[in-house]
Amino acid sequence: MEITITKSDFEQALPVGAAANDSVYESVKPAIGRQLAFSNDALLGVAGMTYIEERGEDSTLMKWYKQFVCLSAFLSVLRQLDLVLTPTGFGVVSNDNLAPASKQRVDALEGQLRTQYWKTLAMTLNGLRSENWGATEQASHFINHLYDEYTYFFETHRNGTYIDWNSYQTTVEEAEEMLRTKMGDRQMDDILDAFRRADPNRLEPYREVIACIIRFTDTWAVKGAATLKQPVYRRLMRIIDSEDNKEQFKLYRESIAYKANHHETFKNTKDSAGYVFNG
């Protein structure tokens, strides 16, 4: 199935783009074609194309994907268009009697659309999470942290903007890097892999830890390294250190991180190889 984006798709995906004529859609149409081709390859890949086609033309995932493509395309040419804004939408300046919108209004529109872009990407990625797509390079590239766009915009910061999300990236990266030193890369990567594949059997043992990682990240945004002294961190470590959970966190137990977390302090006894006689 070939994915196509019509004027109707464009206006449904981008209501502010609705116009009495085809001027806006026709101006953006070449960019839509370019962005669709790029996203089909860079975001979907073969596995994603197969998965989205299986869902069908009227599926929620297809609608989110088309909206993502439309927003990407429109934002890529926004500054090249001479736009005239109205209470119900906008058009392209077509004669000398119409003046382009002010820079302030275009800036405000761009900010609104960039926030919607990230929210739409979040919904698209969340919908793509599946066994085959989750194993691809595309999945690894777009979902590279457990604390992802969907978590931010639809769970923890629902009023966040694209500026807020961009600023939050350092928090996400620092918090995850710290947790990797505590549980090991292989264990964190396995949790991420299960998350990308949306595998219920693999995810179930990890659900509580994933929730802790999200709370840990939000706490890190406020307290930084002091988060290691907070209850959420102690709770997370109790879960992965529990003897009851040794099988699901086997990769952690095989890691250098586990050994570092459970090193034994040297005891100066006569039976010790490094025994020191104090007289």
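The values are calculated or read from the model by the stated rules, or taken from the named source; none is laboratory data. Owing to the predicted nature of the structure, the values given are computational and were not obtained by experimental measurement. Cβ: placed from backbone, ideal geometry, glycine included. Neighbour counts: every protein chain shown. Just so you know, the surface numbers come from the protein's heavy atoms only, side chains and all, with ligands and any DNA or RNA stripped out. Shrake-Rupley method; radii C 1.70, N 1.55, O 1.52, S 1.80 Å.
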Need pairs with beta-carbon distance below 9 Å; first residue free of Cβ contacts under 8 Å to residues at least 12 places away in the same chain and within the range 197-215, second of a type in the set (Lys, Arg) and part of a helix (DSSP H, G or I); sequence gap 6+ or separate chains. Leu203/Arg197
Of the residues in the range 205-230, those that are open to solvent by less than 90 Å² (accessible area, probe 1.4 Å) and more than 20 Å from Glu155 (Cβ to Cβ) come to Pro205, Gly224, Ala225, Ala226, Leu228
Which ranges mark the helices (runs of 4 or more DSSP H) fully within the range 120-212 that have 3 or more residues being among the aliphatic types (A, V, I, L, M) and more than 19 Å from Ser72 (Cα to Cα)? 162-183, 185-197
Criterion first (of a type in the set (D, E, K, R), more than 23 Å from the chain's Cα centre (by Cα), at pLDDT below 95 and closer than 28 Å to Arg196 by Cβ) does Glu57 satisfy it? yes
Among the candidates Ala37, Ala42, Ala31, Ala73, which residue alone is modelled with pLDDT of 90 or more, open to solvent by 40 Å² or more (accessible area, probe 1.4 Å), within 23 Å of His141 (Cβ to Cβ) and not basic (Lys, Arg)? Ala37
All positions within the range 186-214 that are touching a Ser or Thr at 6+ places or on another chain (Cβ under 8 Å) and not polar (S, T, N, Q): Arg186, Arg196, Arg197, Ala198, Ile214
All positions within the range 123-139 that are more than 22 Å from Glu173 (Cα to Cα) and open to solvent by 10 Å² or more (accessible area, probe 1.4 Å): Gly127, Ser130, Glu131, Asn132
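I need the full set of residues from the range 235-255 which are within 22 Å of His145 (Cβ to Cβ) and either part of a loop (DSSP other than H, G, I, E, B) or open to solvent by 50 Å² or more (accessible area, probe 1.4 Å) (or both), in order please.
Across the range 235-255, the qualifying residues are Arg235, Gln248, Phe249, Ser255.
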Regarding the range 140-162, can at least one residue be identified that is hydroxyl-bearing (Ser, Thr, Tyr), closer than 21 Å to Leu14 by Cβ and exposed (fewer than 14 other Cβ atoms within 10 Å of the Cβ)? no
